[in-house]
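The next block holds one structure in the form of structure tokens; read it before the comments.
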Amino acid sequence: MPIYMGFLCTERGMVINMSNKKKLLLAMSGGVDSSVALILLKDKFNVCGVTMIVSDDNKAATDAEKIAGSFGILHYAFDLKEEFTQTVVETFIKTYENGETPNPCVVCNKHIKFGSFFETAASALDCNMMATGHYARVEYDSGSGRFLLKKAVSDNKINAKDQTYVLYTLSQEQLSRVIFPLGILSKEQVRQIAAENNLINSNQPDSQDICFIPDGDYAGFIRAYTGKAFKSGDITDKNGNVLGQHSGLIHYTIGQRKGLGLSTPKPLYVTGKDAALNLVTAGESAELFSNSLTAHNLNWIAFPELKSTLRLYAKTRYSQPEQPCLVSPVDGKKVKVVFDSPQRAITPGQSVVFYDNDTVVGGGVIAVDN
């Protein structure tokens with residue numbers, strides 16, 4: 001792919017798209033979702049495919065180029081490796097080193113995909129709108145004058161593939177400029193559209209791992225990246241009794257059962273980590289449950305700020321069903337969340353996202369419980 005003006009550009013489709021249709025950027029990963037988004041949008045907009053390169057593996061850009069070229073669509077690839085590494089990868093590592101469990105997809109969406117990538121592509125290609133293959137919806141609420149992020153639906157039901165949990169950090173300005181064409185389709189419908197259009201990726205399996213750690217070995221990645229030897233330390237119970245030794249905090253997360261190396265009459269799980277003391281706490285399953293949490297780094301979508309206690313629903317993990325709770329402001333920078341019933345394995349560093357029916361109210365990062 002030749003380089004133009006600091007970004008990569010495919011030559012395929014160069015003379016296409018010379019219409020009066022509104023110009024639209026489409027973030028393409030080479031996967032089936034963004035490819036079907038292209039099919040849905042190409043007749044309505046002057047679509048330009050864009051791909052962000054975040055590693056030395058250019059497969060995503062190459063696959064996206066092929067898909068775009070097959071429809072005569074322009075495609076550009078933007079190199080964001082350095083920024084992605086500094087913002088997403090190094091934040092991921094530091095969060096683990098601090099004894100928390102990060103959510104790199106949330107960080108990437110906020111700072112890279114809908115941040116620097118969007119702005120770089122928009123400036124280079126003179127276009128202020130972008131579509132992605134996320135399963136979500138955006139609606140404008142004339143009553144509040146705000147753009148709302150809503151759950152994906154299909155067949156008049158909430159879509160099991162809904163991805164709003166990892167999109168809660170989007171700002172009003174970002175939401176006003178983004179389109180989610182898959183927001184009313186099921187994954188099965190998306191694959192059917194792909195098959196009907198003979199897409200080579202119609203049966204491509206969904207990605208399950210973090211993009212920069214495809215083998216899922218987080219600790220191994222951190223060791224290799226940092227070159228550090230992480231110290232072993234004590235595993236104790238809630239009363240401070242030493243049960244065994246851990247092999248470094250980066251190997252553990254709240255709720256983990258495997259890999260503790262403990263021989264006990266009942267199964268034990270990681271119930272806490274203390275980076276300052278290099279300590280892992282373990283306990284029985286019942287000790288994983290808590291009815292409250294504190295969150296910081298907040299972003300509100302449905303309103304500018306939380307001024308009083310609200311009854312909402314919240315989820316503390318991507319795949320968890322929302323749970324009823326009370327959300328109260330704390331000193332303008334944090335919220336206290338009290339659930340109606342205890343929740344399992346609430347994990348510092350992960351996100352808590354608040355819902356009102358199908359609308360994302362906002363969210364934040366779960367803080368360490370001092």
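The values are calculated or read from the model by the stated rules, or taken from the named source; none is laboratory data. These figures come from a predicted structure and were not determined experimentally. Cβ coordinates were reconstructed from backbone atoms using ideal geometry, including for glycine residues, and neighbour counts include every protein chain displayed. Surface areas here come from the heavy atoms of the whole protein model, side chains and all, with no ligands, DNA or RNA. Shrake-Rupley method; radii C 1.70, N 1.55, O 1.52, S 1.80 Å.
Couple of notes before you dig in:
- When the stretch 68-77 is filtered for residues that are under 22 Å from Asp126 (Cβ atoms) and open to solvent by 20 Å² or more (accessible area, probe 1.4 Å), the ones remaining, listed by number, are Phe71, Leu74, Tyr76.
- Per-region count, the stretch 55-81, residues within 16 Å of Glu119 (Cα to Cα) and not in a strand (DSSP E or B): 2
- For Gly133, the criteria (1) touching a residue at least 24 places away in the same chain (Cβ under 8 Å); (2) open to solvent by 20 Å² or more (accessible area, probe 1.4 Å) hold in every case but one, which is (2).
- Within the stretch 174-221, being under 23 Å from Val54 (Cβ atoms), open to solvent by 40 Å² or more (accessible area, probe 1.4 Å) and either charged (D, E, K, R) or part of a loop (DSSP other than H, G, I, E, B) (or both) holds for Ile200, Gln204, Pro205, Asp206, Ser207, Gln208, Asp209, Cys211, Pro214, Asp215, Asp217.
- Considering residues of the stretch 25-50 that are in contact with a Leu (Cβ under 6 Å, 6 or more places away or on another chain) and β-branched (Val, Ile, Thr) only, the residue surrounded by the most Cβ atoms within 10 Å (Cβ to Cβ): Val47
- Failed condition for Gly220, given (1) without any contact (Cβ under 8 Å) to a residue 40 or more places away in the chain; (2) within 23 Å of Glu65 (Cα to Cα): (2)
- Listed by first and then second residue, the pairs with beta-carbon distance under 8 Å, at least 6 apart or on different chains, first residue in the stretch 97-115 and within 30 Å of Lys231 (Cβ to Cβ), second in a helix (DSSP H, G or I) and open to solvent by 40 Å² or more (accessible area, probe 1.4 Å), are Pro102/Thr91; Pro104/Thr91; Val107/Thr91.
The rows are residues; the columns are (1) open to solvent by less than 60 Å² (accessible area, probe 1.4 Å); (2) free of Cβ contacts under 8 Å to residues at least 40 places away in the same chain.
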position	(1), (2)
Gly145	yes, yes
Lys150	yes, no
Ile158	no, no
Thr169	yes, no
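- Residues of the stretch 187-202 that turn out to be of a type in the set (S, T, N, Q) and free of Cβ contacts under 8 Å to residues at least 24 places away in the same chain, as a count: 2
Residue-wise test of (1) over 21 Å from Glu287 (Cα atoms); (2) not hydrophobic (A, V, I, L, M, F, W, C).
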| position | (1), (2) |
| --- | --- |
| Arg311 | yes, yes |
| Thr316 | no, yes |
| Val327 | yes, no |
| Lys336 | no, yes |
| Ile346 | no, no |
| Val352 | no, no |
| Asp356 | yes, yes |
| Ala367 | no, no |
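- Flag for Val107 being over 19 Å from Gln204 (Cβ atoms), of a type in the set (Val, Ile, Thr), open to solvent by 30 Å² or more (accessible area, probe 1.4 Å) and modelled with pLDDT of 95 or more: yes
- Taking the conditions (1) out of contact with any strand residue (DSSP E or B) (no Cβ under 9 Å at 6 or more places or on another chain); (2) modelled with pLDDT of 95 or more; (3) open to solvent by 60 Å² or more (accessible area, probe 1.4 Å) in turn, Thr226 satisfies each one other than (3).
- Among (1) surrounded by 15 or more Cβ atoms within 10 Å (Cβ to Cβ); (2) under 27 Å from Leu268 (Cβ atoms); (3) modelled with pLDDT of 95 or more, the one test that Tyr318 misses: (3)
- When the stretch 78-99 is limited to residues that are at pLDDT 95 or above and in contact with a strand residue (DSSP E or B) (Cβ under 7 Å, 6 or more places away or on another chain), the one that is surrounded by the fewest Cβ atoms within 10 Å (Cβ to Cβ) turns out to be Lys81.
- When residues of the stretch 301-310 are limited to those that are touching a strand residue (DSSP E or B) at 6+ places or on another chain (Cβ under 6 Å) and open to solvent by 30 Å² or more (accessible area, probe 1.4 Å), the one nearest to Leu148 (Cα to Cα): Leu310
- Count - residues of the stretch 249-292 that are of a type in the set (S, T, N, Q) and outside any loop (DSSP other than H, G, I, E, B): 6
- Condition met for Thr316 (out of contact with any strand residue (DSSP E or B) (no Cβ under 6 Å at 6 or more places or on another chain), touching a residue at least 40 places away in the same chain (Cβ under 8 Å) and hydroxyl-bearing (Ser, Thr, Tyr)): no
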